[in-house]
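Student: Let me give you the structure first, and then I'll get to my questions.
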Amino acid sequence: MPAPITTVTDWRDPRIDEIIDVRSPAEFADDHIPGAINLPVFSNEQRAEIGTMYKQDSAFAARRAGAALVSANIAAHIHTKLADRPEGWRPLIHCWRGGQRSRAFAHICGEIGWAAFLLQGGYKTYRGMIMDELRALPAQYHLILIGGATGVGKTHLLQQLKAKNAQIIDLEGLAHHRGSLLGAMVDKPQPPQRLFESRLHEALQQCDPQRPIFVESESSRIGQVALPKEWWQRMTTSPMIEVEATPEQRVPSLKRDYAHLLNPDAPALHDLVSGMHHRHGYDTTQRWQDALSAGDFDSFITQILRDHYDPAYRRTVLRHQRLSWGKITLSSVDETGFVKGADDILQLAAHHSTLPL
């Protein structure tokens, strides 16, 4: 006797053991439920082929060809990715709108004996729910911003705060970008906007609203992704603790964090600097280029901090005028300094916050 197929309205139903996204790899790459695995019933090419057949041939021909492809692909998944799933396994299966693709997969699972769940409305239900929650949830959380000029190691401080059991959300980690003009990460492309929002929603869901969350002070965009409006508005009204360090301390820290760019023969950094001439003029950017070409990275970083990053940071501070909970000064911009800096941040936060840290 086949196992039952149950329709649910929330992917977080506690009865579910695993989430199976049967959409095409391209759909999955654009966004997916965190933790889901992609077992597509159509490849990207097959999905396009069937869609064309619907338009140019007939619905019947497309359904017949599609059924053969779906059957073959599901069989391949059962023999490979699902070969070790036990008898009592309970998957949630979804496609774009909860239609034929997910029902076909769930039917086969039921025939095997796996009690499958279907997400009513498919991915569109998930997407609608997380966007509703991203609009509503930020108001329920208390944020403490960690601010400071480029090179003080704000991300490193967040990780030290996490090690001390404070709640953090690493926005740059979620966005795969350091948030500056030169902030692209090596071999780590930025996620699409929708996938970034899914990751932010997941991170927020794991936080306790009765404790504050430390986040790095950011602009409304991190590279190519934008912070949700309600999240950004919450950040603009949240208190900030500012971190200070001297330029002499920040230069070696930036050399470590941006080592992948510091190659006098690599075109990437030269191209980025060339693109800044409209803002800083040819004379200034040529001085930067000369320092790069000579391999004088200390001089290059010192100049670009003085001429670009530090003035931009000061303008941002003046523009937003966030509530200040004070400043801490790092003894050094390295692991020792970050450990002590995290302690200082927690001490300052405890002085102002009425919530347990």
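The values are calculated or read from the model by the stated rules, or taken from the named source; none is laboratory data. Note that this is a predicted model, so its numbers are computed, not measured. Please note: Cβ atoms are built from the backbone with ideal geometry, for glycine as well, and neighbour counts cover all protein chains shown.
Student: Which of the residues that make up the stretch 106-123 are part of a helix (DSSP H, G or I), more than 27 Å from the chain's Cα centre (by Cα) and buried (at least 18 other Cβ atoms within 10 Å of the Cβ)?
Tutor: Matches in the stretch 106-123: ALA106, ILE108, CYS109.
Student: For the stretch 207-214, state whether one or more residues are more than 16 Å from LEU357 (Cβ to Cβ), of a type in the set (Asp, Glu) and in contact with a strand residue (DSSP E or B) (Cβ under 8 Å, 6 or more places away or on another chain).
Tutor: No: the stretch 207-214 contains no residue that is more than 16 Å from LEU357 (Cβ to Cβ), of a type in the set (Asp, Glu) and in contact with a strand residue (DSSP E or B) (Cβ under 8 Å, 6 or more places away or on another chain).
Student: Follow-up. Within the stretch 2-21, which residues are surrounded by fewer than 14 Cβ atoms within 10 Å (Cβ to Cβ) and within 21 Å of PRO40 (Cβ to Cβ)?
Tutor: none
Student: Continuing with the same structure: Go through the stretch 265-300 and count every residue that is out of contact with any Phe, Trp or Tyr (no Cβ under 8 Å at 6 or more places or on another chain), part of a helix (DSSP H, G or I) and of a type outside the set (Phe, Trp, Tyr).
Tutor: So the count comes out to 21.
Student: Go through the stretch 86-102 and count every residue that is over 27 Å from the mean Cα position of the chain (by Cα) and surrounded by fewer than 16 Cβ atoms within 10 Å (Cβ to Cβ).
Tutor: 5
Student: I'd like to check something: does the stretch 285-293 contain any residue that is in contact with a strand residue (DSSP E or B) (Cβ under 6 Å, 6 or more places away or on another chain) and on the phi < 0 side of the Ramachandran plot?
Tutor: no
Student: Further question: Among the residues of the stretch 292-306, is there at least one that is surrounded by fewer than 17 Cβ atoms within 10 Å (Cβ to Cβ), closer than 26 Å to ILE241 by Cβ and not hydrophobic (A, V, I, L, M, F, W, C)?
Tutor: yes
Student: It is to be established whether one or more residues within the stretch 56-64 are out of contact with any Leu (no Cβ under 6 Å at 6 or more places or on another chain), surrounded by 11 or more Cβ atoms within 10 Å (Cβ to Cβ), modelled with pLDDT under 95 and assigned to a loop (DSSP other than H, G, I, E, B).
Tutor: Yes, there is a match, as at least one residue in the stretch 56-64 is out of contact with any Leu (no Cβ under 6 Å at 6 or more places or on another chain), surrounded by 11 or more Cβ atoms within 10 Å (Cβ to Cβ), modelled with pLDDT under 95 and assigned to a loop (DSSP other than H, G, I, E, B).
Student: So is LEU137 in a helix (DSSP H, G or I), at pLDDT below 95 and out of contact with any strand residue (DSSP E or B) (no Cβ under 9 Å at 6 or more places or on another chain) or not?
Tutor: So LEU137 passes the test.
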